[in-house]
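These notes are about the structure you will find just below.
The values are calculated or read from the model by the stated rules, or taken from the named source; none is laboratory data. Predicted model only: the values in this text are computed from it and were never measured. Using ideal geometry, Cβ is built from the backbone for each residue, glycine included, and neighbour counts are taken over all protein chains shown.
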């Protein structure tokens, strides 16, 4: 008999599985679960974008594109990033279309990590950075961001995390799950530390359109001296409600992007053609649709934050992305206990903060990608639950 | 706040003042006062419920009637529109551009009753020169609300 323990990669088997498996299983036994567990917009992709995809199919645009992606789309991305983030990238050799932001993160880490290199990863954060780092032989160095710092990376934390082996800093802002953002002054302070180093910043800005402050999202690439050491990653999933189209992109200095493109060329070939045609429309014609979705998210955000606080679960104002990250320590339960009991007793699904790193203990993530009516009902049940503990 | 408040109420008239205030980042007092003003100004004209009558075995029928009208000097279409609107059978009256003048939505207990109403009441109005009656066979969407269940949330319960 084949011995699978001998054939599977040790690196892969050592990666720990996602911590929310058991909640899936509990939820699967219920048919009336009210979920706040989904990190994906509930809006349909704006019609003009879908139409552009359909038209491209009708015209028979069903072949590979160039490895980097359609030049027409790269030009639009160049304009878009310049308009939104005030950084210029040359569409011919500094932009790469990827299969979602995820592929760009994977390829970026592969392009820069030599086994043994350290990658600084702030947590709580999206679940992919640590395993991908491990897969490429890198060593994750975790910064635990704190509620009292609004879950930002502080200059002191960064200084302490840097060693001579540090190769990269992941900067996941606006942040899933905390909703934290890094403002210009915060980024300036980090830039001051990074400027004279050979540390690359992988700035995952997939939620850049979803910030709820007076100012606009600021990319670290726009800070003096940072463009040359930053790989800016973004995509169409969150801002344009295009999760299933699988389209993201990386922008950076030609020296780095050309290496990432090499990996992409061998592993992927090119990003989905239909999605690329659709995305051209997204960048040309959808400012209003994006603004409307953002306004709707903002109303829901206020609703959910207010509801948690009224239920006695302290919830800071999340300034970006589409998650609330309330503190549940007052209940005396751990994050996992809270989530398990909440789904068992009230059939409401939220994600334990610990799914996003150890530092998430004491918090849960609640997505507000749901209608206000749905959120109101979930909050009503959560309020009941907290009172009954 | 006015436009955003109206948009919210248009999607759900049952939001409480507190919920509206939270979503709009206003105080409940300010929202209540604004609703009051909107009602007094006649901007908010009423609150109704969207009902799928088919589900309660209601056999009543609706029709859309196209009326051609000779407008009166000075009064234009106003006089006849007001007269048509005054019937309790009439749910809506619109002045139209294009092939006909007034679009009238009529509700009745049966085809016969609606037909009789059109023949006896609408067609006989002096300035009405012709009518064309179209019966509604099925409702798919009413006041922005879909009456057929086509869209389910097919996202998973959990998705990181």
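Just a few scattered comments:
- Restricting segment A:231-274 to residues that are under 23 Å from residue A:321 (Cα atoms) and part of a helix (DSSP H, G or I) leaves a set whose member that is nearest to the chain's Cα centre (by Cα) is A:243.
- Restricting segment B:22-35 to residues that are assigned to a helix (DSSP H, G or I) and more than 9 Å from chain A (Cβ to nearest Cβ) leaves a set whose member that is surrounded by the fewest Cβ atoms within 10 Å (Cβ to Cβ) is B:29.
- Residues of segment B:49-74 classified as assigned to a strand (DSSP E or B), more than 14 Å from residue B:138 (Cβ to Cβ) and at pLDDT 85 or above, total: 5
- Filter result for residue A:23 (touching a helix residue (DSSP H, G or I) at 6+ places or on another chain (Cβ under 7 Å), within 14 Å of another protein chain (Cβ to nearest Cβ) and assigned to a loop (DSSP other than H, G, I, E, B)): no
- Residue match in segment B:46-57 (condition: farther than 28 Å from residue B:111 by Cα and assigned by TED's automatic domain parsing to the domain that holds residue B:122): no
- Residue within segment A:284-307 that is away from chain B (no Cβ under 13 Å), touching a helix residue (DSSP H, G or I) at 6+ places or on another chain (Cβ under 9 Å), under 23 Å from residue A:217 (Cβ atoms) and assigned to a loop (DSSP other than H, G, I, E, B) present: yes
- The lone criterion from (1) more than 19 Å from residue B:143 (Cβ to Cβ); (2) assigned to a helix (DSSP H, G or I); (3) within 14 Å of another protein chain (Cβ to nearest Cβ) left unmet by residue B:8 is number (1).
Residue by residue, here is whether (1) in the same structural domain as residue A:26 (by TED's automatic domain parsing); (2) crowded, with 17+ Cβ neighbours inside 10 Å; (3) closer than 30 Å to residue B:6 by Cβ; (4) modelled with pLDDT under 95 holds:
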{"site": "A:311", "(1), (2), (3), (4)": "yes, yes, yes, no"}
{"site": "A:316", "(1), (2), (3), (4)": "yes, yes, no, no"}
{"site": "A:330", "(1), (2), (3), (4)": "yes, no, no, no"}
{"site": "A:366", "(1), (2), (3), (4)": "yes, yes, yes, no"}
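- Of all positions in segment A:151-165, none carries a residue that is in contact (Cβ under 8 Å) with a residue 40 or more places away in the chain, within 23 Å of residue A:256 (Cα to Cα), touching a helix residue (DSSP H, G or I) at 6+ places or on another chain (Cβ under 7 Å) and outside any helix (DSSP H, G or I).
- Among the residues of segment B:99-123, those identified as within 10 Å of residue B:133 (Cα to Cα) and crowded, with 17+ Cβ neighbours inside 10 Å are B:104, B:106, B:114, B:118.
- Selection status of residue A:253, out of contact with any helix residue (DSSP H, G or I) (no Cβ under 6 Å at 6 or more places or on another chain) and farther than 30 Å from residue A:150 by Cα: no
- Total residues in segment A:6-20, condition assigned to a helix (DSSP H, G or I) and either at pLDDT below 90 or within 14 Å of another protein chain (Cβ to nearest Cβ) (or both): 0
- Test result for residue B:38, within 14 Å of chain A (Cβ to nearest Cβ), assigned to a helix (DSSP H, G or I), touching a residue at least 12 places away in the same chain (Cβ under 8 Å) and surrounded by 14 or more Cβ atoms within 10 Å (Cβ to Cβ): no
- Elements of type strands (runs of 3 or more DSSP E) contained in segment B:85-160, each with 1 or more residues being away from every other protein chain (no Cβ under 14 Å) and closer than 30 Å to residue A:44 by Cβ: B:90-95, B:102-108
- Segment A:318-367: number of residues that are over 18 Å from residue A:152 (Cα atoms) and in a helix (DSSP H, G or I): 16
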